[in-house]
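One structure is given here, and the rest of the page talks about it.
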Amino acid sequence: MSALAFKIAMGNTIHTGDYDPPELDPARRGQEWLIVRRWGNRGQYLEISDTTTPNANNPRAPGAFNPPMPHEAPAQLDPNQSMLGLMLRSHGDEGAVFLLVRRNIDNQVVSGTFYPVDGYAELRRDGSGWRLRASGRHAHNDKGEDVPNPTTGGMSWHFDAISVTWKGQDL
């Protein structure tokens, strides 16, 4: 598998909190499926998409699953909102650190809807697969457009995700 270009599914534990101050609330925790895609001639772009795919154990929670984390993602995962990252630092074949951006730099085509955020993501590969850790915050109006300095609304979040087997992966 190339460390510079791939598309994988990840099981994610997400913690959320208020936008300002951006402190995470331990009671606001959930799990979801992500689709993570890396591309570019240097692997300089990263896309992190949440999904709308319901879980058979919890069909009313789009993109969610119940603990423990399954080792295989549902065959049909559909991207919903996608964050775009630009590489800040490469760890060679072991991964990279990315800046998550509020504007779609270089007019990259993303899956689903572009989702503007402030944050970072670190993607690392070890003997068991890929791990993603990301933190940031965002605020949007009802059209999904970025609100740079919100007086209300928005949220902060932290992802801790691991790669899982998925029929839709592209390695």
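For this structure, a couple of remarks:
- Loop-located GluC sites (Glu not before Pro) in segment 1-47, at most 12 other Cβ atoms within 10 Å (DSSP): E23
- Accessible-area composition of the chain, carbon plus sulfur, in percent [1.4 Å probe]: 48
- Once the C-beta distance of S90 and D146 is scaled by a Förster radius of 35 Å, the resulting FRET efficiency is 0.80 to the nearest 0.05.
- Distance between modelled label sites at D160 and D18, nm, 7 Å Cα→Cβ extension: 2.4
- Each listed q (0.19 Å⁻¹) maps to a log10 I(q)/I(0) for the chain from the Debye sum over equal C-alpha point scatterers, namely -1.34.
- Pair T113, A75: separation of 7 Å Cα→Cβ label points (nm): 2.9
- Sequence of L77, L86 when ordered by accessible area, the most exposed leading, probe 1.4 angstrom: L86, L77
- The chain: most fluctuating residue of Q31, Q76, Q44 per GNM, C-alpha cutoff 10 Å: Q76
The values are calculated or read from the model by the stated rules, or taken from the named source; none is laboratory data. Owing to the predicted nature of the structure, the values given are computational and were not obtained by experimental measurement. As a convention, Cβ positions derive from the backbone with ideal geometry for all residues, glycine included, and neighbour counts pool all protein chains shown. Accessible surface is based on the protein model in full, side chains and every heavy atom, while ligands, DNA and RNA are left aside. Shrake-Rupley method; radii C 1.70, N 1.55, O 1.52, S 1.80 Å.
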